[in-house]
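**Q** One structure is given below, represented as structure tokens, and several questions about it will come after.
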Amino acid sequence: QVQLVESGGGLVQAGGSLRLSCAASGTIFSINVMAWFRQAPGKQRELVARITNFGNTNYADSVKDRFTISRDNAKSEAYLQMNSLKPEDTAVYYCNAYRAGRDYWGKGTLVTVSL
């Protein structure tokens with residue numbers, strides 16, 4: 001079992017920045033992939049960024065060059081640095097971890113970007 005807790009969400013003006021954190025606990029050995037997803041009201045959950053235990057990353061086209069995912073394996077934490085935020089980025093952001101063939105999810109943190 002892996003427990004994930006997100007933090008760092010909040011209200012920010014367009015063009016501003018936020019840094020989200022995801023702390024993993026429980027059976028955290030050999031978490032292969034950590035990722036950030038988001039879900040806006042009335043829309044499907046979508047992948048924002050992923051990072052492997054070796055540091056390989058993938059980003060959604062909508063956030064490339066604006067968001068950066070990183071990972072601290074020693075702390076079992078993942079981060080999402082979000083710059084140049086747009087109102088379209090408003091969503092609940094969820095942390096995801098993949099270990100031993102299972103996906104684990106946090107409860108999400110709300111990011112609201114205003115004009």
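The values are calculated or read from the model by the stated rules, or taken from the named source; none is laboratory data. Nothing here was measured: the structure is a model prediction, and the numbers come from that model. Cβ: placed from backbone, ideal geometry, glycine included. Neighbour counts: every protein chain shown. Areas reflect the complete protein model, heavy atoms only, side chains present, ligands, DNA and RNA absent. Shrake-Rupley method; radii C 1.70, N 1.55, O 1.52, S 1.80 Å.
**Q** Of all the accessible heavy-atom surface of the stretch 19-115, with the other protein chains kept in place and a 1.4 Å probe, what percent is carbon and sulfur?
**A** Carbon and sulfur together cover 49 percent of it.
**Q** Now for a different question. Let me check against my output: what whole-number percent is the relative contact order of the chain, with C-alpha pairs under 8 Å and at least 6 apart?
**A** It comes to 37 percent, rounded to a whole number.
**Q** Just to be sure I understand the model, the point goes 7 Å from the Cα along the line to the Cβ. What's the resulting residue 75 to residue 45 distance in nm?
**A** Spacing of the two 7 Å Cα→Cβ label points: 2.4 nm.
**Q** Could you list the square roots of 5 times each eigenvalue of the Cα gyration tensor of the stretch 18-63, that is, the equivalent ellipsoid semi-axes, sorted largest first and rounded to whole Å?
**A** Calculated on Cα positions only, the semi-axes equal 22, 14, 10 Å.
**Q** What full-extension length gain, to one decimal in nm, is calculated for residue 29 and residue 52 as 0.36 nm per residue of separation minus the Cα-Cα distance?
**A** So the chain would gain 6.9 nm between residue 29 and residue 52.
**Q** Another question, then. Looking only at the chain, where both bridge partners belong to it, what percent of the DSSP beta bridges are antiparallel (to the nearest 5)?
**A** So the antiparallel bridges in the chain amount to around 90 percent.
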